[in-house]
Amino acid sequence: MNETSHLTTDPQSTFTQLILALSTAMDLDEKVKLYHGWQVAVWASKMAEEACPQQLTEIFYAGLLHDIGGIGLSDHIIHYPRLDDQLKNPEVRRHPYRGAQIIRMIPMIFKGLHHIADMVLEHHEWWTGKGYPNGKSGDEIGKEAQLLRAADAFDVYRRLYPKPVSESVDSALDRLASSQECSSQMVHLLKKTLGREDPSPLLRDEAALADLIRQMQDRLHPLTLQDTPDTLEGVLLLFAKVIDAKHSYTAGHSERIALYSSQVARALGLPDDQVREIRYAGYLHDIGKLSVPRSILDKPGPLDEEERRLVKNHPRLTIEVLKFFPALRGLAQIAGRHHERWDGQGYPDGLKGEEIPLGGRILAVADALDALTSDRPYRKIGTFKEALQDLRTNRSKQFDPRVVDATVELFG
Ligand SMILES: [Fe+2]
Ligand SMILES: [Fe+2]
Ligand SMILES: [Fe+2]
């Protein structure tokens, strides 16, 4: 439980790692990690070093988060490379606005993010005025947003071309120049940036990209998270809402899991730091679900085999994403175990009994309690009493008997 201390003693670095984790999770596309946010952060920041070095911190984080408003889309946004297709889809058209809104919810607890929100709002405005959401043109568009547009388009276009990397870079630059979404000055700046060093390792190699992201983050001004005990809680809550926004029917789910599971943990007599850890894991338990296409999550009928496989993979991705970040590592084995079963029939690893960390066993019960009392496309909403009865029926099968007893006693 050593990792817990990172969460409590250094909320600052936990916060920045949470942003990176969210950006990584947003870019999970079924089996592939796309790292689109990371790529945009890298190229926009490299351009900013020359064009507006004072705004480097904001541009870096705006790059990571620029597509956060696209989280509810059925497909990852990079699958809409053409402006026409973007404009035809109301959800795509709204994503810069939604993204800015999500980011603006953070300033109450964290200074400086409103600039980032403005950049995100404008990241699809085109130099020619054909972009969205406001059809701004030329220098009406903030310079930082222009940098983001160039980096964003570059990353989307280069993915359309087959390897080798050098060819995809050239074709992407050509396409960017002919689309006129950026000023020729921006295209020139991007070309110069790409020409300074060989970009191939960063475009090809996940580890090189991760290293660079970490180095950049260390060099930037630290984001100043206000120093109150509830700050990190507020950030986690916001991220939980973002994760839940992926489905049309799970509003409030992660928040309720966090609440139920910390109440149960307390009833079981666990110490405060462990209770807090379980609550934080509750907020993030479904972060891996960001990789599951929305058409599957919201499907009213039964899933086919491939669809089931994708859904069942989400706790594994939750573990993978959280494990990647030192400050969040301690949450991975709790958060990613919410679908394991006491009898070993669960997923992703079929762990059994006390092989499953206690926090994971608690989350499993809290998850079921919420699922049974919420509206789902395949089932009618149940009462709390029915849900507790269901937990009792599955005592020692699906659930840890001790956790069921504590839950029934607490909510019964
Ligand atoms: Fe976008
Ligand atoms: Fe993008
Ligand atoms: Fe789940």
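Quick notes
- Of the solvent-accessible surface of the chain, computed with a 1.4 Å probe and all protein chains present, 49% belongs to carbon and sulfur.
- Within the listed set Ala41, Ala364, Ala251, the residue fluctuating most in the Gaussian network model of the chain (springs between alpha-carbon atoms under 10 angstrom) is Ala251.
- Shape class for region 34-219: rounded, because the ratio a/c of the largest to smallest gyration tensor axis (alpha-carbon atoms, square roots of eigenvalues) is under 1.5.
- Judged by the ratio a/c of the largest to the smallest principal axis of the C-alpha gyration tensor, region 231-411 counts as rounded, that ratio being less than 1.5.
- Ranked order, Lys289, Lys385, Lys130 - accessible area, probe 1.4 Å, largest first: Lys385, Lys130, Lys289
- Euclidean distance between Cα centres, region 22-42 to region 91-137, Å: 19 Å
- Here region 37-79 is scanned for amide nitrogen atoms under 17 Å from the site 7 Å beyond the Cα of His221 along Cα-to-Cβ, giving 45, 48-63.
- Within the listed set Ile287, Ile381, Ile257, the residue fluctuating most in the Gaussian network model of the chain (springs between alpha-carbon atoms under 10 angstrom) is Ile381.
- Nearby aspartates and glutamates by direct alpha-carbon distance to Lys88 (threshold 17 angstrom, same-chain neighbours under 8 apart not counted): Asp75, Glu125
- Per residue, the accessible area of region 308-358 comes to 42 Å², computed with a 1.4 Å probe over protein heavy atoms only.
- Glu50-Val408 pseudo-label distance in nm [points 7 Å out on the Cα-to-Cβ vector]: 6.9 nm
- Cα centroid separation, region 299-351 to region 143-160 (Å): 33 Å
- Oblate is the label for region 80-139, because the ratio a/c of its alpha-carbon gyration tensor axes (a ≥ b ≥ c) is 1.5 or higher and a/b is not greater than b/c.
- Extension gain, Thr128 back to Lys397 (0.36 nm per residue minus Cα-Cα distance, nm): 90.6 nm
- Length added when fully stretched, Asp343-Asp211, from 0.36 nm per residue minus Cα-Cα: 43.4 nm
- Cross-linked pairs Lys111/Lys246; Lys191/Lys289; Lys111/Lys192; Lys111/Lys241: Cα-Cα separations exceed 30 Å for Lys191/Lys289; Lys111/Lys192.
- Whole-number percent relative contact order across region 340-412, with pairs defined as alpha carbons under 8 Å at least 6 apart: 31 percent
- With the helix formula -39500 (n - 2.57) applied to DSSP H stretches of n ≥ 4, the chain reaches a computed 222 nm mean residue ellipticity of -18500 deg cm²/dmol.
- Normalised by residue count, the chain yields a Cα convex hull volume of 139 Å³ per residue.
- Net charge dipole size for the chain [Lys, Arg +1 and Asp, Glu -1 on Cβ; Debye, nearest 20]: 680 debye
- Measuring nothing but how far apart in sequence close Cα pairs (under 8 Å, 6+ apart) lie, relative to its length, region 231-411 scores a relative contact order of 20 percent.
- Dipole magnitude (debye, nearest 20) for region 231-411, charges at Cβ of Lys, Arg, Asp, Glu: 180 debye
- Using the Cβ-Cβ distance between Lys380 and Glu197 with R0 set to 45 Å, the FRET efficiency from 1/(1 + (r/R0)^6) comes to roughly 0.15.
The values are calculated or read from the model by the stated rules, or taken from the named source; none is laboratory data. What you see is a predicted model; the values in this text were computed from it and never measured. In this analysis, Cβ positions are derived from the backbone assuming ideal geometry, glycine residues included, and neighbour counts consider all displayed protein chains. What goes into the accessible areas is simple: the full protein's heavy atoms, side chains included, and nothing from ligands, DNA or RNA. Shrake-Rupley method; radii C 1.70, N 1.55, O 1.52, S 1.80 Å.
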